[in-house]
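Below is one structure; the comments refer to it alone.
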Amino acid sequence: MLTTEKTLRVLIVDDNRDGADALGLLVEALGNQVHVTYGGAQALGVATAFRPDLILVDLLMPDMNGCDLVIQLRQIPAFAGTKIVAITGLKDEGHKTLARKAGCDSIIVKPAALTDIEAILASVVPMAARGNQSRGKPRDRVSLAAE
């Protein structure tokens, strides 16, 4: 297992506590600061206080689905440039399309391979280095609830 060259602040959002905690331990072992939450509503408050460089979010959660969480996060200027990755057991293209339209930068299908996690971590520019970069053009927004 390789450690990343930069320390990132990573927020993990998943209602599966065991999976979220295991992923959190892995990301932490790779040399990053991690905060794990178990629902979308809780993640909104945590994200504002924690200011993550990367958010890994499950798409299907009971209190607020991942797409709705991402849509709300993208409406907050502080998260316009934050990398958000959906980590989901949903393999169909329809859900992947919804995740992208909601504002996810990429999608990883569970179970996530170590190489996928390492590649995502390596692709993130820490907030301190990003400054006030914008994400570019706004995306169309949709919700999983719309289906």
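The values are calculated or read from the model by the stated rules, or taken from the named source; none is laboratory data. On a predicted model such as this, the values are computed, not experimentally measured, just so you know. In this analysis, Cβ positions are derived from the backbone assuming ideal geometry, glycine residues included, and neighbour counts consider all displayed protein chains.
May I ask you to list the residues in region 1-15 that are at pLDDT 95 or above and either in a helix (DSSP H, G or I) or in contact with a Pro (Cβ under 8 Å, 6 or more places away or on another chain) (or both)?
8, 9, 10, 11, 15 - these are the residues of region 1-15 that are at pLDDT 95 or above and either in a helix (DSSP H, G or I) or in contact with a Pro (Cβ under 8 Å, 6 or more places away or on another chain) (or both).
Is it fair to say residue 47 is modelled with pLDDT of 95 or more, in a helix (DSSP H, G or I) and either under 19 Å from residue 124 (Cβ atoms) or in contact with a His (Cβ under 6 Å, 6 or more places away or on another chain) (or both)? Here the answer is yes, as residue 47 does meet what is asked. If you go through region 41-56 and keep only what is under 18 Å from residue 17 (Cα atoms) and under 9 Å from the mean Cα position of the chain (by Cα), you end up with 55, 56. Scanning region 60-76 for residues that are farther than 24 Å from residue 17 by Cα and assigned to a helix (DSSP H, G or I) turns up just one, 74. Exactly one residue out of 94, 89 is in contact with a Pro (Cβ under 9 Å, 6 or more places away or on another chain) and either surrounded by fewer than 17 Cβ atoms within 10 Å (Cβ to Cβ) or within 17 Å of residue 16 (Cβ to Cβ) (or both): that is 89.
Let's see how each residue does on (1) free of Cβ contacts under 8 Å to residues at least 12 places away in the same chain; (2) assigned to a strand (DSSP E or B); (3) more than 18 Å from residue 64 (Cα to Cα); (4) hydroxyl-bearing (Ser, Thr, Tyr):
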{"residue": "78", "(1), (2), (3), (4)": "no, no, yes, no"}
{"residue": "81", "(1), (2), (3), (4)": "no, no, yes, no"}
{"residue": "85", "(1), (2), (3), (4)": "no, yes, no, no"}
{"residue": "96", "(1), (2), (3), (4)": "yes, no, no, no"}
{"residue": "99", "(1), (2), (3), (4)": "no, no, no, no"}
{"residue": "104", "(1), (2), (3), (4)": "no, no, no, no"}
{"residue": "112", "(1), (2), (3), (4)": "no, no, yes, no"}
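The residues on offer are 18, 58, and the sole one that is within 21 Å of residue 116 (Cα to Cα), surrounded by 15 or more Cβ atoms within 10 Å (Cβ to Cβ) and modelled with pLDDT of 95 or more is 58.
Of the residues making up region 69-78, none is among the charged types (D, E, K, R), over 22 Å from residue 8 (Cα atoms) and at pLDDT 95 or above. Restricting attention to region 42-91, the residues that are under 16 Å from residue 102 (Cβ atoms) and among the basic types (Lys, Arg) add up to 2.
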